[in-house]
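Undergrad: Sharing a structure with you now.
The values are calculated or read from the model by the stated rules, or taken from the named source; none is laboratory data. Just so you know, these numbers come straight off a predicted model, no measurement behind them. Cβ: placed from backbone, ideal geometry, glycine included. Neighbour counts: every protein chain shown.
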Amino acid sequence: MMKKFRDNYSIVKELAALKRYLRKGHAKASLIAADYQRYESGLRGEQSTDYYLSGLPKNDYYIYRGLRLLSDQYAFQMDTLLMNSRFLLPIETKNHAGIIEIDENNHFFHIVNGNRIKIKSPLQQVSRQVYELQRWLIKKHLPNIPTPWLVVFSNPTTSIRNFSNDPLTKERVVTIEDLKEHVLNLTELFASKKASEKFTNSELKKINDYLLSHHSPKTTSILKSYNITIKDLETGVMCSQCQRFAMFYKNTLWHCPHCLATSPDAHVQALLDYFILIKSTITLKEGCHFLHLSSRNIVRRLFSTMNLKGQGHTRARQYSLPDK
Ligand SMILES: [Zn+2]
């Protein structure tokens, strides 16, 4: 059973919208571009992990993606959490391409284009998650299930040179191709231990119910989390060819005065970005302002091309995206 919470998918969409609409030269532009790259690469890594884990026997494993739990006031989120009758296994995913080298003291280096760059150890991150997860299980009076861990490098082109003196690092830092095998080996290893407990279906169900009902998604809006206000955003419709915000609407087409590109539906991306960045509803007046149009009739027509659903009457009528 795979349960996806997929927060990273929404974050990538939000960052892409923010990257488009943030005013040129804004002080936070490079931070947002870097975060976008990081989350986008992370998302690809997670999708690749999903693919490789999908080969595990379905009835034996519960798989949770992007589960975020609260321990006291502190939130911790796990890329992947896997549960079977022997353990609860956080899997931390990294998506670096190239070579990963781990020295004898557990320091991680990323070798790319001949440069050896020290990177943050994923072991610290995963051990913190394991610690928080154990505390959370105790606090919720849940069965005392073991919590081993894995770190997976999810880019299929990555190779790992592991010189660590720590046997756990040797065993548990793996490439994506070896992931499924490692999960199966770990399961066998736990089953073969005399003292290892096999948890019953009802115990697993109880843990599962708790995990699902305690997922706490981030609720802060993207603008708030970067301390950006609406004034920092462009308005208007962006030209997809030259990325300028100058498109005007004439004879049922959007025209760019700079590169002369035309588009019948450039307003669609603009309004989707509006709903992501600003709010989930829009009035005709707000639509006129945001799309740089003076005619409410044209805005109404453009809204109807997207099947926006309207609520309320006359000037206060609020439009929003249709339910999926
Ligand atoms: Zn253009």
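Undergrad: Would you call residue 43 assigned to a helix (DSSP H, G or I) and out of contact with any helix residue (DSSP H, G or I) (no Cβ under 9 Å at 6 or more places or on another chain)? Spell out the reasoning first.
TA: Working: assigned to a helix (DSSP H, G or I): yes; out of contact with any helix residue (DSSP H, G or I) (no Cβ under 9 Å at 6 or more places or on another chain): no.
Considered against the rule, which asks whether it is assigned to a helix (DSSP H, G or I) and out of contact with any helix residue (DSSP H, G or I) (no Cβ under 9 Å at 6 or more places or on another chain), residue 43 comes out as no.
Undergrad: Is it true that residue 50 is surrounded by fewer than 22 Cβ atoms within 10 Å (Cβ to Cβ) and either hydroxyl-bearing (Ser, Thr, Tyr) or assigned by TED's automatic domain parsing to the domain that holds residue 142 (or both)? So that I can check it myself, show each step before the final result.
TA: Values: surrounded by fewer than 22 Cβ atoms within 10 Å (Cβ to Cβ): yes; either hydroxyl-bearing (Ser, Thr, Tyr) or assigned by TED's automatic domain parsing to the domain that holds residue 142 (or both): yes.
Spelling it out, residue 50 is indeed surrounded by fewer than 22 Cβ atoms within 10 Å (Cβ to Cβ) and either hydroxyl-bearing (Ser, Thr, Tyr) or assigned by TED's automatic domain parsing to the domain that holds residue 142 (or both).
Undergrad: Evaluate the following for residue 246: is it within 14 Å of the ligand (Cβ to nearest atom), in the same structural domain as residue 294 (by TED's automatic domain parsing), more than 28 Å from the chain's Cα centre (by Cα) and at pLDDT below 95? If you could, list the steps in order and put the result at the bottom.
TA: Details: within 14 Å of the ligand (Cβ to nearest atom): yes; in the same structural domain as residue 294 (by TED's automatic domain parsing): yes; more than 28 Å from the chain's Cα centre (by Cα): yes; at pLDDT below 95: yes.
Judged against the criteria, residue 246 is a match.
Undergrad: Do the conditions hold for residue 219, that is, is it under 27 Å from residue 26 (Cα atoms) and either within 16 Å of the ligand (Cβ to nearest atom) or not assigned by TED's automatic domain parsing to the domain that holds residue 70 (or both)?
TA: Values: under 27 Å from residue 26 (Cα atoms): yes; either within 16 Å of the ligand (Cβ to nearest atom) or not assigned by TED's automatic domain parsing to the domain that holds residue 70 (or both): yes.
Yes.
Undergrad: While we're here: Among (1) modelled with pLDDT under 95; (2) within 16 Å of the ligand (Cβ to nearest atom); (3) among the hydroxyl-bearing types (Ser, Thr, Tyr), where does residue 280 come up short?
TA: Result: residue 280 passes all but (2).
Undergrad: Taking only pairs six or more apart or across chains, which ones have beta-carbon atoms under 8 Å, a first residue in the stretch 240-253 that is touching a residue at least 60 places away in the same chain (Cβ under 8 Å), and a second residue that is loosely packed, with under 13 Cβ neighbours inside 10 Å?
TA: Listed pairs, sorted by first residue: none to list.
Undergrad: Out of 13, 19, report the one residue that is part of a helix (DSSP H, G or I), over 23 Å from residue 126 (Cα atoms) and touching a Phe, Trp or Tyr at 6+ places or on another chain (Cβ under 6 Å).
TA: Working: 13 fails: touching a Phe, Trp or Tyr at 6+ places or on another chain (Cβ under 6 Å).
Answer to the check: 19.
Undergrad: Quick one: count up the residues across the stretch 70-91 that are surrounded by fewer than 21 Cβ atoms within 10 Å (Cβ to Cβ) and more than 14 Å from residue 187 (Cβ to Cβ).
TA: Of the residues in the stretch 70-91, 8 are surrounded by fewer than 21 Cβ atoms within 10 Å (Cβ to Cβ) and more than 14 Å from residue 187 (Cβ to Cβ).
Undergrad: Separate question: Does the stretch 230-243 hold any residues that are within 21 Å of residue 28 (Cα to Cα) and either within 13 Å of the ligand (Cβ to nearest atom) or surrounded by fewer than 18 Cβ atoms within 10 Å (Cβ to Cβ) (or both), and which are they? Show your work before the answer.
TA: Here is the first cut: in the stretch 230-243, the residues within 21 Å of residue 28 (Cα to Cα) are 230-236, 238, 243.
230, 231, 232, 234, 235, 236, 238, 243 - these are the residues of the stretch 230-243 that are within 21 Å of residue 28 (Cα to Cα) and either within 13 Å of the ligand (Cβ to nearest atom) or surrounded by fewer than 18 Cβ atoms within 10 Å (Cβ to Cβ) (or both).
Undergrad: When residues of the stretch 292-316 are filtered for being away from the ligand (no atom under 16 Å from the Cβ) and either surrounded by 14 or more Cβ atoms within 10 Å (Cβ to Cβ) or in a helix (DSSP H, G or I) (or both), how many remain? Steps first, answer last, please.
TA: Our first condition is that a residue be away from the ligand (no atom under 16 Å from the Cβ); within the stretch 292-316, this holds for 293-316.
Checking the rest, the ones that are also either surrounded by 14 or more Cβ atoms within 10 Å (Cβ to Cβ) or in a helix (DSSP H, G or I) (or both) come to 293, 296-306, 308, 310, 314-316.
Number satisfying all stated conditions: 17.
Undergrad: Taking the stretch 253-274 on its own, how many of its residues are surrounded by fewer than 17 Cβ atoms within 10 Å (Cβ to Cβ) and either modelled with pLDDT under 95 or assigned to a helix (DSSP H, G or I) (or both)?
TA: 3
Undergrad: Residue by residue through the stretch 52-87, note down the ones that are among the acidic types (Asp, Glu) and in a helix (DSSP H, G or I). If you could, list the steps in order and put the result at the bottom.
TA: Residues of the stretch 52-87 that are among the acidic types (Asp, Glu), as a first pass: 60, 72, 79.
Correct list: 60 only.
Undergrad: Does residue 66 qualify as being assigned by TED's automatic domain parsing to the domain that holds residue 14 and at pLDDT 90 or above? Give the derivation first.
TA: Values: assigned by TED's automatic domain parsing to the domain that holds residue 14: yes; at pLDDT 90 or above: no.
It is false that residue 66 is assigned by TED's automatic domain parsing to the domain that holds residue 14 and at pLDDT 90 or above.
Undergrad: I'd like to know if the stretch 109-121 contains one or more residues that are out of contact with any strand residue (DSSP E or B) (no Cβ under 7 Å at 6 or more places or on another chain), farther than 14 Å from residue 152 by Cβ and among the hydroxyl-bearing types (Ser, Thr, Tyr).
TA: Step one: filter the stretch 109-121 for residues out of contact with any strand residue (DSSP E or B) (no Cβ under 7 Å at 6 or more places or on another chain), giving 112-115, 120.
Subsequent filtering for residues that are farther than 14 Å from residue 152 by Cβ retains 112-115, 120.
Those still in the list that are among the hydroxyl-bearing types (Ser, Thr, Tyr) too: none.
No, there is no match, as no residue in the stretch 109-121 is out of contact with any strand residue (DSSP E or B) (no Cβ under 7 Å at 6 or more places or on another chain), farther than 14 Å from residue 152 by Cβ and among the hydroxyl-bearing types (Ser, Thr, Tyr).
Undergrad: Still on this structure: Looking for whichever is more than 16 Å from the ligand (Cβ to nearest atom), within 31 Å of the chain's Cα centre (by Cα) and over 20 Å from residue 62 (Cα atoms) here; the options are 251, 208, 227, 201. Which one fits? Break it down stepwise before answering.
TA: On the way: 251 fails: within 31 Å of the chain's Cα centre (by Cα); 208 fails: over 20 Å from residue 62 (Cα atoms); 201 fails: over 20 Å from residue 62 (Cα atoms).
Unique residue meeting the criteria: 227.
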